[in-house]
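Working notes, beginning with the structure itself.
Computed from the coordinates by the stated procedures, all read-outs in this text should not be read as laboratory data. Every value quoted in this text rests on a predicted model; they were computed, and no experiment measured them. Positions of Cβ are backbone-derived with ideal geometry, glycine not excepted, and every protein chain shown enters the neighbour counts.
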Amino acid sequence: MKKGVLIAIIAIVVILIAIPVSTYNGMVSEQENVNSAYSNIEAQLQRRADLIPNLVNSVKGYMQHEEKIINSITEAREKLVNAHGAKETADANEALTQALSNFNVIVENYPDLKANENFIQLQDELAGTENRIAVARKDYNEIAKSYNGMIRRIPGVFFASMFGFDPAEYFEASESSHAVPGVDFSGN
Amino acid sequence: MRLIISAALLLIFVMNSLFVSAYDIPEADSLFYVNDLADILSEETEEYIVSVNDKLYAMTGAQVVIVTIQSLGGADLEEYATEMFRSYGIGSREKDNGVLILLSLDDRACRMEIGYGLEGVINDAKSGRIQDDYMIPYFRDGKWDEGMKNGFDAVLAESSNEYGVDVGSSAPTVLKTLPQEKEDVPWNKDSNTVGMIAMGIGFVVGLIMGFLIPSFWIGIISCLISPFAGHYLMKAYMPEMDLLMLYMSDFGILLFYFIGWAITTKTVDKSGSDSSYDSSSSSRSYHSGSSSHSSSGSSSSRSGGGGRSGGGGSSRRF
C-alpha cells in the first residue's frame, strides 16, 4: 500500500516536471521558427532596399524632369531601412510599394527606358523580390499565428508570461501590400 | 447512432473545408513533369520533357516542370505558381533546385518560378529574359507548343551547364532579332572561347615581347598599356562579350608577359604553359558531379523531390 502511494507521488512529480519542460521546449522551438521566418522577410526587404539605388541611378538619365517621384522612392527606401518592428516595417514596405507603383505609371511615358535591357532586368529583380517578400510574409504570418496560438492555449498560457514569451507581431500593412506593381511589356 | 455519424461527417466536412488550400491547385498527373491541362502541347514535346527530366533528376536532383492551365480563375499568378511549386515539391528537398514553368492560356500570362537552389544560375532577371527571348515571341503567334519547348530548352541549357551534366536536351532557339554583324563572328556565342583565344594571343605576345625587350620597366609599361588596347579592340568587335571575360583576358596578357619576361631575363626554369589556366570557366564553380540521387527509374513513379520555392522567378503578361 505504501509502495503504491510512493509510485503515485513519483508519477505526479514526474508529470508536474514533464509538462512545463515540454511546453517550454515547444515554445522555444516555435519561437525560433518565428524568428527565422522573420529574418527571411528581413533578408528580402534588405535586398529590395539594395536594388532601389540601382534603379534610381539607371533611370536618372532618362527622367530629368521626374525628380519628385524619384525622390519619393528614395525617401520611402530610407524609411524602410530605418524601420523597426514588424508593424512599422510592414508599413514602410507598403509605402515603398506605393511609391514604386506611382513610378511605374510614369515609366509608361518613357518607351526608351522601358526597352532598356538593364532597366528590364532591374524591374525583374524588383518584381521577384517583391514576390519573395509576399511569400515570406505569408509564411511568417502563418508561423506567427501558430506560435501565438500556442502561448494562448493551455498549457502554454500558464508558462508564457512566466518565461517571458511575448506574442509575435504579424507582418501586416494594408491588404493591398500584395498588389505587386506589375511590369508590363505587352509593347502595345 | 445516426446522429453521431452525421455529426462526425459534418465535422469532417468542416475540417476539410478549413484545410483546403486557398486555390484549387490541380493535382500533378502521373507524368509529373508535364501537366498539360490546357491541352496545347504535342505528344513529342511531352515525351521529350519527361525523358530529359528523368535524366536531369537522376544526375542532379533538379526538376523542370511544365504546367499549362486554361485559366487562373481570378487567382493571383504569383501566388498560384508558388503554391503549385510547393504542393508538387519540385526539385530535391536539400537543394531546392526545381523550376516551374506555368502558362495560363486565357490570362495570357506566364510565370517561371525558380527554386532557391537554382536562383544563382537563373535569377529573376534571367528568367525574365528567357521568357522575353525564347518564349513570348512564339506565344504572340499562338505557337504554344514551340514556345514552351523552347523555354524549357533554355532553362535546361542553364541548369545543366550549372551542374556540368549533359542530359541530351536540344539547344534553344534565340528569337530576339540580334544585330546582324554579330552572326558573322564565329565565336560570338561562347565568350569563354573568346577569352581563351585572347589569352592565347596574350601568351604569345607576352613571350615575344619578353624576348624582344628584356627590360623590366618597359615591360611593366607595355603591360599597363596593352591590356587596355586589347580591351578596347575586343570591345569594339565583340560588344556582347562578357565584361568579366575581358578583364580576365587583360589579366592573362599581363600575366603571360611577366612569364615571358621571367623566362628571358631571369632564366627561371618555369615553362609558361605550365600555369594551367582554369579560371577561364568564369563564375560557374558549382559542380556536383556524382550526386547521391538514385534514379527513381520506373516510369510511373515520378514525383517531386520536396523542393520549396521562396517565390523567386518572374512573370510575363503578353
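The figures follow:
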{"read-out": "Average other protein chain Cβ within 10 Å of Cβ, residues B:124-133", "value": "5"}
{"read-out": "Relative contact order for chain A, counting Cα pairs under 8 Å that sit 6 or more residues apart, in percent", "value": "32 percent"}
{"read-out": "Between helix A:86-107 and chain A: long-axis angle, C-alpha atoms, 0 to 90°, nearest 10", "value": "20 degrees"}
{"read-out": "Residue of A:ILE15, A:ILE69, A:ILE120 that the Gaussian network model of chain A assigns the largest fluctuation, springs spanning Cα pairs under 10 Å", "value": "A:ILE15"}
{"read-out": "Among A:GLU67, A:GLU75, A:GLU172: highest mean-square fluctuation, GNM of chain A, C-alpha pairs under 10 Å", "value": "A:GLU67"}
{"read-out": "Gaussian network model of chain A, Cα within-10 Å springs - most flexible of A:PHE119, A:PHE158, A:PHE103", "value": "A:PHE158"}
{"read-out": "Cα→Cβ-extended label distance, 7 Å offset, between B:ARG108 and B:ASP141, nm", "value": "1.7 nm"}
{"read-out": "Cross-link pairs beyond the 30 Å C-alpha cut-off, checked among A:LYS79/B:LYS95; A:LYS145/B:LYS126; A:LYS60/B:LYS126", "value": "A:LYS79/B:LYS95; A:LYS145/B:LYS126"}
{"read-out": "A:GLU42 paired with A:ALA11, simple spin-label distance in nm, labels 7 Å along Cα-to-beta-carbon", "value": "4.7 nm"}
{"read-out": "Bins of 5 Å from zero: percent of alpha-carbon pairs in the range A:1-125", "value": "2, 9, 14, 15, 11, 8, 6, 5, 4, 4, 4, 4, 3, 3, 3, 2, 1, 1, 0"}
{"read-out": "Nearest-0.05 FRET efficiency for A:PHE163 and A:TYR62, computed from C-beta distance (R0 41 Å)", "value": "0.15"}
{"read-out": "Calculated [θ] (222 nm, deg cm²/dmol) that DSSP helices of n ≥ 4 give over chain A, each run adding -39,500 (n - 2.57)", "value": "-27000 deg cm²/dmol"}
{"read-out": "Cβ neighbours within 10 Å from other chains - mean over B:81-93", "value": "1"}
{"read-out": "FRET efficiency for A:ASN109 and B:ASN161, using Cβ-Cβ distance with R0 set to 45 Å, rounded to 0.05", "value": "0.70"}
{"read-out": "Charge tally in the Cβ shell below 12 Å around A:SER36, where Lys, Arg are +1 and Asp, Glu are -1, A:SER36 excluded", "value": "-4"}
